[in-house]
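Just so you know, all these numbers are worked out from the coordinates, no wet-lab data involved. These figures come from a predicted structure and were not determined experimentally. Note that we place each Cβ from the backbone using ideal geometry, even for glycine, and neighbour counts take in every protein chain shown.
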Amino acid sequence: MYSSDMSKPSSASGARAVSATYAARNFASLVNRVREERTAYLVERNGKPVAEIRPVEDRVVTVREFVALFPAEARRPADEEYLRAVEEGIAFLNRAEIPASPWDS
């Protein structure tokens, strides 16, 4: 059964299936639901998947993963202690800032 947004129940990827026609006619609404509800949609044409509309996910990459992106011959052996120190520094710099309470003054 279709729900009120004319999407089929979730696909294997977790995205709700919608027809290309429905997606074209209701694109702004779909984008709003993706943004606000973090819903993903699988767009189908003639019953076959052709596109997916989903929220952009923040990707966190560790220094170790970043180094692994380069070919082995282009990198020097990484010192484990150094990599750990760099990752700790990055985590420290990216920590959540807690605003000062106006009642503390």
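Quick look at the numbers
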read-out: Footprinting exposure proxy for I90, I98, I53 (fewest neighbouring C-beta atoms within 10 Å first); value: I98, I90, I53
read-out: DSSP beta bridge pairing in region 8-53, given as percent antiparallel to the nearest 5; value: 65
read-out: Point-charge dipole on Cβ atoms (K/R +1, D/E -1) for region 37-78, about Cα centre, debye to 20; value: 140
read-out: Rg to Rh, two decimals, where region 15-105 supplies the alpha carbon set and Rh follows Kirkwood; value: 1.24
read-out: Integer Hz, Karplus 6.51/-1.76/1.60 couplings in order for region 18-33, x for Gly and Pro; value: 9, 6, 4, 4, 4, 4, 5, 6, 10, 4, 4, 5, 4, 4, 4, 5
read-out: Size of charge dipole - region 26-95 - debye, nearest 20, with Cβ of Lys, Arg +1 and Asp, Glu -1, no other charges; value: 380
read-out: Ranked list, fewest to most other Cβ atoms within 10 Å of each Cβ, for L83, L42, L93; value: L93, L83, L42
read-out: 16 Å tail of the calculated P(r), region 8-53, as % of Cα pairs; value: 28
read-out: Amide H within-cut-off set for T39, under 5 Å, with H built and near neighbours excluded; value: V34
